[in-house]
1. Out of all the residues in region A:11-25, which are within 20 Å of A:Ile830 (Cβ to Cβ) and either of a type in the set (S, T, N, Q) or within 32 Å of the chain's Cα centre (by Cα) (or both)?
2. Of these, A:Asp665, A:Asp707, which one is out of contact with any Pro (no Cβ under 8 Å at 6 or more places or on another chain) and without any contact (Cβ under 8 Å) to a residue 12 or more places away in the chain?
3. Scan region A:775-813 residue by residue and report those that are surrounded by 20 or more Cβ atoms within 10 Å (Cβ to Cβ), away from RNA strand B (no atom under 13 Å from the Cβ) and assigned to a helix (DSSP H, G or I).
4. Is it fair to say A:Lys698 is within 9 Å of RNA strand B (Cβ to nearest atom), in contact (Cβ under 8 Å) with a residue 24 or more places away in the chain and among the charged types (D, E, K, R)?
5. Filter region A:736-774 down to the residues that are within 16 Å of RNA strand B (Cβ to nearest atom), over 25 Å from A:Ile710 (Cβ atoms) and in contact with a helix residue (DSSP H, G or I) (Cβ under 7 Å, 6 or more places away or on another chain) and list them by number.
6. Among the residues of region A:219-230 satisfying the criterion of being in a loop (DSSP other than H, G, I, E, B) and among the aliphatic types (A, V, I, L, M), which is farthest from RNA strand B (Cβ to nearest atom)?
7. Name the single residue that is modelled with the lowest pLDDT among those in region A:399-444 being of a type in the set (Gly, Ala, Ser) and within 14 Å of RNA strand B (Cβ to nearest atom).
8. Any chance region A:344-354 includes a residue that's of a type in the set (A, V, I, L, M, F, W, C), exposed (fewer than 15 other Cβ atoms within 10 Å of the Cβ), modelled with pLDDT under 90 and under 44 Å from the mean Cα position of the chain (by Cα)?
Amino acid sequence: MQYNFKSIEKKWQAYWSENSTNKVVENYKQDKFYILDMFPYPSGAGLHVGHPLGYIASDIYARFKKTKGFNVLHPMGYDSFGLPTEQYAIQTGIHPKIATDENTKRYRSQLDKLGFAYDWSREIRTSDPNYYKWTQWIFKLLFNSAYCTIQGKAVEISDVIDYFDSNGNIGASYFCDDNIEEFTASQWKLFSEEDKQRILLCYRLAFLSDTMVNWCPKLGTVLANDEVKEGRSERGGFLVEQKKMKQWSLRITAYADRLHEGLNDLDWSDSLKEMQRNWIGKSKGVTMKFNTESDDLIEVFTTRSDTLFGVSFLVLAPEHELVDRLTSDQQRNDVDTYLNSSRLKSERERQSEKKMSGVFTGGYAYHPFTGDKLEIWIADYVLASYGTGAVMAVPCGDQRDWLFANHYNIDISNIFKDVDISNSAYEGKEARIINSDFLNNLSCEDAINLSIERIVKEGIGEKRINYRLRDAVFSRQRYWGEPFPVYYLNDIPYLLDDKTFVTLPDIDKYLPTESGEPPLARAQKDDWNVFKGDRMDTNIMPGWAGSSWYFLRFMDPLNDTEFVSREKLEYWGQVDLYIGGAEHAVGHLLYSRFWTKFLYDKGLIFFEEPFKKLINQGMILGRSNFVYRIKDSNTFVTKSKKDEYETISLHVDIDFVDNDYLDLDKFKNWRNEYSDAEFILDSDGRYQCGFEIEKMSKSKYNTQTPDDLIEKYGADTLRLYEMFLGPLEQFKPWDVKGISGVHNFLKKLWRHIHDKDNNICVSVDTASELSYKSIHKTIKKVEEDIERHSFNTVVSTLMICLNELIEQECKNQSIISDFLILLFPYAPHITEEIWRELGNKESITLASFPKFNSKYLAEDQISCPVSFNGKMRFKILLPFNMDKNKIEDLVMSHEKTKKYLGSSKPQRIIIVPNKIVNIVF
RNA sequence: GCCCGGGUGGUGGAAUUGGUAGACACGUUGGACUUAAAAUCCAAUGAGCAGUAAUGUUCGUACGGGUUCAAGUCCCGUCCCGGGUACCA
């Protein structure tokens with residue numbers, strides 16, 4: 001009998017489950033470590049080999065931290081609200097709850113087979129009413145809060161009321177809002193209750209407003225900006241259009257600056273932080289007011305106030321509020337035509353159009369410094385929703401302005417020294433400024449500073465920071481999500497009281513109503529667990545609502561009176577390590593940070609950032625195989641001969657292919673149409689398939705489930721192999737070719753310490769010096785590598801160590817035990833089995849990491865002199881026990897060294913064991 | 001266009017601070033064991049040149065330069081691949 005992974009893995013998985021080995025209990029005296037995976041959306045397709053990659057890494061790190069003495073929280077749950085399940089419900093009529101239950105069951109069994117050490121008693125599902133009632137609770141907090149720009153934090157809505165009672169809101173930008181009405185304190189007091197509510201709605205962090213939204217007709221819902229990729233829905237790939245609708249939004253823009261600044265201290269990858277920075281899009285600049293002929297003020301925003309004297313005209317967005325007043329009678333017709341045509345264009349069409357288009361209003365403005373008369377144009381390359389919706393056009397310094405000026409024959413003046421702008425604008429920042437009055441001869445940076453100073457001093461404008469980030473649309477017109485704890489009276493939204501939450505009502509059909517209302521409008525009065533006012537809110541929250549705070553709930557998932565208890569919150573704190581895919585860079589990861597900062601403001605949690613360290617695991621790509629069918633025939637030709645024919649390439653299931661060679665019988669049996677297929681083969685009688693690396697997908701027949709591989713090699717092998725594939729962060733194609741290598745490693749380990757009858761055979765005699773060297777070298781390297789999350793190199797290190805122990809015929813029990821503990825995080829089943837065979841009563845999960853002893857760590861290598869500088873210092877890598885004369889000889893005999901030293905002798909030699917050494921001459 | 005990554009044998013990848021490039025594994029080839037297969041074990045394996053051989057020697061980390069006694073690693077320029085993002089003023 002050899003290494004029987006099937007029975008071993010089954011046995012220990014059952015044991016761990018029966019004995020709740022992985023249950024985590026708060027131990028306030030022990031150091032904690034919180035490690036989290038991005039919880040999965042339980043789709044119908046189940047897991048493929050790409051999914052567990054991050055889970056394996058986190059499991060390894062969690063187990064490792066446990067052997068290092070930490071109390072490790074490593075929970076798992078499901079992000080179980082979402083679109084695909086609902087689409088499935090529409091097609092089949094099956095309630096999303098039932099489909100979700102089935103899918104999670106399947107996920108669970110797949111995860112269990114991999115031997116993960118999750119504490120399943122803490123499992124949460126976002127679609128569980130006991131969970132989402134707390135999501136609703138946070139929504140209520142957001143609704144009852146506003147953002148005070150002076151204090152720089154969220155405040156109670158009652159603070160806003162107090163402020164209005166004594167100050168009104170004239171002039172002050174004391175709170176973040178989207179209100180345009182101004183009123184005095186006395187006017188405020190005279191408003192009706194309804195009017196007050198309507199105004200307050202403009203100040204709440206969760207607010208209802210008419211906004212341009214991304215409407216996806218095919219999905220029948222609105223989408224957030226991060227759910228739209230290149231004008232299409234991220235899920236489904238349907239066209240998305242712009243539409244004005246009354247929607248819930250969250251005022252994330254209030255937090256733009258804190259979200260931007262907070263990135264600096266996070267231990268996240270640079271690329272990911274950069275993505276968030278770009279998404280927030282912070283730009284520092286200045287606003288400037290231009291007087292017009294008609295005595296209006298046009299306010300523009302610019303980051304390049306140094307180019308102030310290069311302005312040749314102004315451009316307004318078509319939606320700008322002054323367009324109508326500025327248009328002259330002669331131009332009225334042209335302007336109306338242009339406005340109509342641009343209104344008909346979707347955002348996408350506007351953006352895809354490369355040609356500049358615009359129209360002259362007939363109006364003029366005056367340059368605030370030169371007094372020059374500037375034409376005012378309208379063009380849709382200026383966006384109404386960014387900055388002030390108007391720009392000062394500097395054709396010599398901005399390519400868009402240059403193209404526009406060129407197209408409409410507007411003069412282009414040059415303010416850059418020694419720069420040719422006849423073919424394009426100069427967008428660099430190196431040139432000196434000329435033709436610019438008080439900015440002449442300054443560098444770009446100095447000119448920006450001086451110009452801002454003057455602009456502010458003369459009262460023409462003020463410093464301003466703009467953000468690209470927009471408020472997050474928070475409602476969806478779908479069914480399978482969190483309902484809002486909101487009812488309406490006279491079309492004004494009111495919250496349900498503190499203790500009341502809405503459970504998702506059952507409905508007969510999951511489609512929108514005939515009148516176009518969301519599916520929840522199908523629910524009759526009695527279908528709701530609570531019904532107040534004229535009507536209930538029939539929107540649901542977006543997919544990211546539940547996932548924006550789930551890491552908090554894991555600390556205390558069963559708490560019925562609080563979202564999480566203070567005590568547990570204080571103990572577990574921030575997530576120390578978060579592992580997941582980079583596709584959530586500007587969605588989930590930004591929203592979680594936003595909610596965390598908000599809850600921090602409310603004094604409910606004690607940290608401002610949710611995830612201290614983040615690792616993005618790279619996607620595992622599939623390797624698809626192709627066969628080549630000769631056109632209009634049922635004959636398939638091998639790869640090497642395909643160019644001799646006119647062929648169509650077809651995806652073929654990778655199960656029928658071994659090492660790119662097709663199993664002809666399996667292929668023929670795949671589908672009826674192939675049963676009498678004919679083949680043109682290679683000279684060796686085989687059919688070779690083509691291949692391509694693509695995303696794993698069912699339709700490409702290139703998915704590989706973990707289940708098949710576990711069946712064939714066992715979970716321990718799969719875990720080791722997924723790590724062995726390469727660096728965690730890297731995108732890599734899945735390829736099973738190498739799996740036999742790690743499987744052999746486990747078999748070798750088994751054989752090394754078992755005899756022919758499969759009995760454990762180790763020795764208690766003292767091992768050789770060499771063997772201690774091997775194991776201690778390995779202990780050191782494994783610890784360092786796991787700590788720096790280099791999970792792939794650990795596997796090699798362990799393989800080398802085992803090879804050495806085998807060669808040394810070392811079966812020393814304590815060395816083997818140490819080795820098992822090192823291997824345990826990667827391969828928990830086989831190590832647990834051997835651990836018990838060695839006579840240990842307790843599970844290996846309770847073992848502690850072996851202590852490394854530096855006395856076994858001498859280097860054997862000698863390298864040549866390595867460094868030379870003017871002071872005649874040399875660096876040399878050598879064993880620390882080598883004597884000085886020998887070193888001297890070594891140095892003196894080295895060819896290149898001789899060249900520099902001639903015959904002089906070293907004066908002093910400084911030796912640092914095992915390190916590079918300085919030799920002073 | 002802009003911003004981030006990255007480019008190392010036939011393949012996946014090592015090389016942690018500039019210090020023997022190619023660890024470890026796959027694959028391939030040859031051999032042992034076997035009636036045979038599977039399994040296992042041993043050996044060779046970056047390229048070129050010289051040699052019967054041990055061995056010696058030159059080239060070699062996308063390309064071209066540079067710094068250094070020493071460069072896969074640092075600097076400058078070019079090319080290619082991947083990701084993000086875009087009329088954001």
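The values are calculated or read from the model by the stated rules, or taken from the named source; none is laboratory data. Model, not experiment: these values are computed from the prediction. Using ideal geometry, Cβ is built from the backbone for each residue, glycine included, and neighbour counts are taken over all protein chains shown.
1. We begin by selecting, within region A:11-25, every residue within 20 Å of A:Ile830 (Cβ to Cβ); these are A:11-19, A:21-22.
Listed by number, the residues that qualify are A:Gln13, A:Ser17, A:Asn19, A:Thr21, A:Asn22.
2. None of the other options fit; the residue is A:Asp665.
3. Passing the criteria: A:Ile775, A:His776.
4. no
5. A:Lys773, A:Ser774
6. Among those residues, the one meeting the criterion is A:Leu219.
7. In the first step, residues of region A:399-444 are kept if they are of a type in the set (Gly, Ala, Ser); the result is A:405, A:413, A:422, A:424-425, A:428, A:431, A:436, A:443.
Checking the rest, the ones that are also within 14 Å of RNA strand B (Cβ to nearest atom) come to A:405, A:424-425, A:428.
Details: A:Ala405: 90, A:Ser424: 80, A:Ala425: 83, A:Gly428: 77.
Step by step, filter region A:399-444, then rank; the result is A:Gly428.
8. Looking for residues that are of a type in the set (A, V, I, L, M, F, W, C), exposed (fewer than 15 other Cβ atoms within 10 Å of the Cβ), modelled with pLDDT under 90 and under 44 Å from the mean Cα position of the chain (by Cα), one finds at least one in region A:344-354, hence yes.
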